[in-house]
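These notes concern the structure reproduced below.
Read-outs throughout are calculated quantities, based only on the coordinates presented, and are distinct from any laboratory measurement. Here the structure is a predicted model, which means the values were calculated and not measured. Cβ: placed from backbone, ideal geometry, glycine included. Neighbour counts: every protein chain shown.
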């Protein structure tokens, strides 16, 4: 009886280990409108034929965590299976009046602001479940801000492997050097989620960091 209990115990342990290795939880984090969902959509479209979520020029289009299970990414003959998790944009302040600038009515703007605020809280909570995180930043924006410091600080505390994707490098005012100098301790890859530019380096770095996942 005791032997059977021990066998079952180890069987469950090994089953959990292999389950974790085969289904790496990959989270997309960053400020609003940096291109998190655009990048997640491109990856999902390339490998599953389906997009993950809707995008908009209006900030905080994604206001709740959304998932895509069993996304098998293949790169240079290697395959890894990911559970992709797209999170709402993190912001230190969300004002409904900012949405009204996009010709949104006051009632709708207030509703969006409330949902976006709840989304920020949800994003931070979900960090505890991540195996690997891609921080998507707008390469045309100043990386030295409170939002990025907040995200990085939370990741450092949890010792989660990080890739910084500097998005929108197709734009003339993109500044990769500024982002690289802001985060010298992390892998930084310049991409264009819109045009699929430099995704080869992105996948290569993802596979490298995924090997660190326990």
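A few points about this structure:
- Intensity falloff of region 61-101 expressed as log10 I(q)/I(0), Debye formula with alpha-carbon point scatterers, at q = 0.25 Å⁻¹: -0.89
- Sorted by Cβ neighbour density within 10 Å, fewest at the top, the residues 106, 211: 211, 106
- Between region 180-196 and region 22-77, the Cα center-to-center distance that results, in Å: 16
- Nearest 10 degrees, 0 to 90: helix 146-158 Cα axis against the chain principal axis: 10
- Antiparallel DSSP beta bridges within the chain, percent to nearest 5: 30
- Prolate/oblate/rounded call for region 168-214, Cα gyration tensor, a/c under 1.5 rounded: oblate
- Once the Kirkwood radius over Cα pairs is known for region 61-141, the Stokes-Einstein relation at 37 °C and 0.692 mPa s delivers a diffusion coefficient of 221 µm²/s.
- Secondary-structure-derived ellipticity at 222 nm for the chain, considering helices only, amounts to -13500 deg cm²/dmol, per-run term -39500 (n - 2.57) for DSSP H runs with n ≥ 4.
- Whether region 92-214 is rounded, prolate or oblate, judged on the alpha carbon gyration tensor where a/c under 1.5 counts as rounded: oblate
- Kirkwood Rh (inverse of mean 1/r, distinct Cα pairs), the chain, angstrom: 18.3
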